[in-house]
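I have placed the structure first, in the form of structure tokens, so that the comments after it can refer back to it.
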């Protein structure tokens, strides 16, 4: 049978612009299709303009998984996660312009390698993000499109579907847990099917009992990842190395805060006191030894403590897990038994 598909004349095709792919992250074409949730978002003009600002573009060069990108396949960017949060926010509240803008802006304050360096030199990604929200180019884009920056900040501080402050599962953590599970080979349910089984109540994710089991399995798996060799080894080493850069004045805190991952690695590799160990971390991470507990001998071991273990739970048909499914609450309570203090050395 003859191919009846209409094609532009050769001359017209030669003059036409090449189209972007569906997962384009610049806003070309007016839509974005998230590869995890398989949800297509029709981008609003404000969202397209925000995606082209430096604070959003920078997130394309910051690893969402942080230092564990060195030892796992979780190398997707924080911009991919950001667009995923936009996708789920638009799924539940397609007409909420403020929430959608907040979804795009919720992570702009992250340091290079995301949470890895949080707290060094007093740096806090929430405070940095708030400052960026109030300065150009983000401030100008919001103003040009009539979006109230105060309302965006309120959505970012909560209570909102992005941050509810109650310990319940929000849209930010929902995307994080599911995206991490995908790259870790742990996501056994099709994401679009999962999304269809979810609802929002009281700014928290709510679902049925069986789906709640699936979500809590993802939360538990993520906690075990955070306390694993794959995360503790590289994150503790990088914090130690970047601490040396700060101590030597080789990088100022405000400069560090706005670096990309590549710029941070370049700084580590250009400084005499960090060059050798930074190369060892990238090419010989298998030599790291990690054990639970604080170091007794600081000459050969260095210590590291996790700041927190996430244990966000969904509502079950609108009810807290504690009352709706005590056995699931007990499974989350067991996360408190995971170690948070570690000792690390090179083997």
Residue 116 versus (1) free of Cβ contacts under 8 Å to residues at least 60 places away in the same chain; (2) under 23 Å from residue 258 (Cβ atoms); (3) in a helix (DSSP H, G or I): which is the lone unmet condition?
(1)
Looking at 83, 79, which is the one that is assigned to a helix (DSSP H, G or I) and in contact with a strand residue (DSSP E or B) (Cβ under 8 Å, 6 or more places away or on another chain)?
83
Within segment 299-318, the residues that are out of contact with any strand residue (DSSP E or B) (no Cβ under 9 Å at 6 or more places or on another chain) and over 30 Å from residue 200 (Cβ atoms) are 299
Are any of the residues in segment 213-227 in contact (Cβ under 8 Å) with a residue 40 or more places away in the chain, touching a strand residue (DSSP E or B) at 6+ places or on another chain (Cβ under 9 Å) and not in a helix (DSSP H, G or I)?
yes
Report yes if some residue within segment 109-118 is out of contact with any strand residue (DSSP E or B) (no Cβ under 7 Å at 6 or more places or on another chain), within 27 Å of residue 322 (Cβ to Cβ), crowded, with 18+ Cβ neighbours inside 10 Å and at pLDDT 95 or above; otherwise report no.
no
Looking only at segment 43-52, count how many residues are within 14 Å of residue 83 (Cβ to Cβ) and touching a residue at least 24 places away in the same chain (Cβ under 8 Å).
5
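One line per residue, one yes/no per condition, for (1) modelled with pLDDT of 95 or more; (2) closer than 23 Å to residue 105 by Cβ:
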site	(1), (2)
155	yes, yes
169	yes, yes
188	no, no
231	yes, no
Yes or no: segment 73-93 includes at least one residue that is surrounded by fewer than 16 Cβ atoms within 10 Å (Cβ to Cβ), modelled with pLDDT of 95 or more and either more than 19 Å from the chain's Cα centre (by Cα) or farther than 20 Å from residue 170 by Cβ (or both).
yes
Taking the conditions exactly as written (surrounded by fewer than 17 Cβ atoms within 10 Å (Cβ to Cβ) and free of Cβ contacts under 8 Å to residues at least 12 places away in the same chain), does residue 137 satisfy them or not?
no
Just to be sure before I move on: is residue 153 in contact (Cβ under 8 Å) with a residue 12 or more places away in the chain, surrounded by fewer than 20 Cβ atoms within 10 Å (Cβ to Cβ) and closer than 20 Å to residue 332 by Cβ in the structure I sent?
no
Within segment 179-205, count every residue that is assigned to a strand (DSSP E or B) and surrounded by fewer than 20 Cβ atoms within 10 Å (Cβ to Cβ).
3
Within segment 240-263, how many residues turn out to be over 23 Å from the mean Cα position of the chain (by Cα) and surrounded by fewer than 12 Cβ atoms within 10 Å (Cβ to Cβ)?
3
Helices (runs of 4 or more DSSP H) within segment 1-65 that include 3 or more residues modelled with pLDDT under 95:
10-15
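The values are calculated or read from the model by the stated rules, or taken from the named source; none is laboratory data. The shown structure was predicted, so the numbers you read here are calculated from the model rather than taken from an experiment. Cβ atoms come from the backbone with ideal geometry, glycine included; neighbour counts cover every protein chain shown.
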